[in-house]
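Let me begin by presenting the structure, written as structure tokens, before commenting on it.
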Amino acid sequence: MTYKILFIKFLLLLNLYSLLLFAQSDMPEMVLVEGGTFTMGNSAKTAEDEEKPAHKVTVKNFYISKHEVTVAQYKAFCTATKRAMPSAPSWGWNDKHPIVNVTWNDAVAYCDWLSKKTGKKYRLPTEAEWEFAARGGKKSKNLKYAGSANIDEVAWYDKNSNKQTHPVGTKNPNELGLYDMTGNVWEWCSDWFLHDYYMKSPVENPQGPAKGNLRVQRSGSWINYFEDNRITIRNANLPTEKDGFFGFRVAMDE
């Protein structure tokens with residue numbers, strides 16, 4: 001009986017040790033975003049129809065990852081779950097780059113695994129949470145891009161990317177200390193996409209339409225020109241679609 005107890009204790013300690021190692025190397029760094037009310041969308045004449053109208057939205061406190069999920073972090077998930085890594089992009093894998101060639105379903109699976117591994121409830125950000133965080137939350141300076149009026153200071157986009165992703169966190173952060181909220185890769189959000197959703201969006205903590213065919217993507221990417229990297233730009237794709245400029249970051253309730 002004593003040996004069995006010692007063995008169980010050993011397994012518990014081993015599991016705790018592996019969790020500590022995981023926390024140090026593979027867990028996304030999270031930033032608390034204090035909730036508030038902001039103007040979501042864009043009513044400028046040059047804005048796309050799906051960005052209109054600008055409307056008031058209130059979001060509660062939440063956490064969002066400081067960086068896009070990296071190749072190294074996603075690789076840990078694939079190794080642990082014996083899941084195949086996505087196809088490598090033409091420039092190959094680099095552990096510090098954002099993961100790409102992931103579907104919305106892949107991103108959700110990663111969140112579910114991370115939740116089980118840590119005991120915390122990770123998920124994709126809602127579109128409203130994403131835009132509030134990109135704008136800088138309560139510290140927002142109402143800039144066109146996430147952290148600057150000059151896109152080159154904060155983003156990898158078609159003019160400076162050399163047609164590939166770049167290591168996360170190598171440009172300047174926004175007002176909340178979040179990196180790459182403009183450019184590098186399009187980021188999956190939890191919401192279904194609806195072209196005119198802003199016309200009927202709830203004011204408090206909108207979650208997106210109840211159903212749909214496409215999932216929302218935000219941020220712009222290394223392949224897009226400067227106008228398609230503004231904070232308010234919206235994109236959408238099938239949840240099974242993947243590409244060399246599709247990635248994600250994670251969120252969590254407070």
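For a quick check of your reading of the model, give me the residue pairs whose first member lies in segment 154-179 and is of a type in the set (Lys, Arg), whose second is surrounded by 23 or more Cβ atoms within 10 Å (Cβ to Cβ) and not in a loop (DSSP other than H, G, I, E, B), with beta-carbon atoms closer than 6 Å and at least 6 apart or on different chains.
Lys171/Val154
Any chance segment 140-152 includes a residue that's among the basic types (Lys, Arg), under 13 Å from Ile231 (Cβ atoms) and crowded, with 22+ Cβ neighbours inside 10 Å? Explain how you work it out, then say what you get.
First, pick out the residues of segment 140-152 that are among the basic types (Lys, Arg): 141, 144.
Now narrow it down to the ones that are under 13 Å from Ile231 (Cβ atoms): 141, 144.
After this cut, where a residue has to be crowded, with 22+ Cβ neighbours inside 10 Å as well, the list is none.
Scanning segment 140-152, I find no residue that is among the basic types (Lys, Arg), under 13 Å from Ile231 (Cβ atoms) and crowded, with 22+ Cβ neighbours inside 10 Å, so the answer is no.
Quick one: in segment 86-113, which of the residues that are surrounded by 17 or more Cβ atoms within 10 Å (Cβ to Cβ) and in contact with a helix residue (DSSP H, G or I) (Cβ under 6 Å, 6 or more places away or on another chain) is farthest from Glu68 (Cα to Cα)?
In this case the residue turns out to be Trp113.
Asp228 is checked against (1) under 20 Å from Glu50 (Cα atoms); (2) under 16 Å from the mean Cα position of the chain (by Cα); (3) surrounded by fewer than 19 Cβ atoms within 10 Å (Cβ to Cβ) and fails just one. What number does that condition carry?
Failed condition: (2).
Here are some residues: Lys117, Lys45. Which one is free of Cβ contacts under 8 Å to residues at least 12 places away in the same chain and over 14 Å from the mean Cα position of the chain (by Cα)?
Checking each option against the conditions leaves just Lys45.
Just give me the residues in segment 90-113 being without any contact (Cβ under 8 Å) to a residue 40 or more places away in the chain and part of a loop (DSSP other than H, G, I, E, B), in sequence order.
Gly92, Trp93, Asp95
Quick check: is even one residue across segment 114-130 assigned to a loop (DSSP other than H, G, I, E, B), among the β-branched types (Val, Ile, Thr) and either in contact with a helix residue (DSSP H, G or I) (Cβ under 8 Å, 6 or more places away or on another chain) or under 23 Å from Asn205 (Cα atoms) (or both)?
yes
Quick one: how many residues across segment 172-197 are polar (S, T, N, Q) and surrounded by fewer than 23 Cβ atoms within 10 Å (Cβ to Cβ)?
The total comes to 2.
Say whether the condition of being in a strand (DSSP E or B), in contact (Cβ under 8 Å) with a residue 12 or more places away in the chain and in contact with a Phe, Trp or Tyr (Cβ under 6 Å, 6 or more places away or on another chain) is met by at least one residue in segment 217-230. Spell out how you get there, then give the answer.
The first filter runs over segment 217-230 and keeps only residues in a strand (DSSP E or B), leaving 217-218.
Now drop any that are not in contact (Cβ under 8 Å) with a residue 12 or more places away in the chain, which leaves 217-218.
Adding the requirement that they be in contact with a Phe, Trp or Tyr (Cβ under 6 Å, 6 or more places away or on another chain) leaves 217-218.
Yes, segment 217-230 contains a residue that is in a strand (DSSP E or B), in contact (Cβ under 8 Å) with a residue 12 or more places away in the chain and in contact with a Phe, Trp or Tyr (Cβ under 6 Å, 6 or more places away or on another chain).
For segment 41-69, enumerate the residues that are of a type outside the set (Val, Ile, Thr), buried (at least 22 other Cβ atoms within 10 Å of the Cβ) and outside any loop (DSSP other than H, G, I, E, B).
Passing the criteria: Phe62, Ser65.
Among the residues of segment 207-214, is any out of contact with any strand residue (DSSP E or B) (no Cβ under 6 Å at 6 or more places or on another chain), modelled with pLDDT of 95 or more, buried (at least 18 other Cβ atoms within 10 Å of the Cβ) and closer than 25 Å to Pro28 by Cα?
no
The values are calculated or read from the model by the stated rules, or taken from the named source; none is laboratory data. Bear in mind that the values here come from a model prediction, so they are computed numbers and not experimental data. All Cβ positions, even for glycine, are placed from backbone atoms using ideal geometry, and neighbour counts span all protein chains on display.
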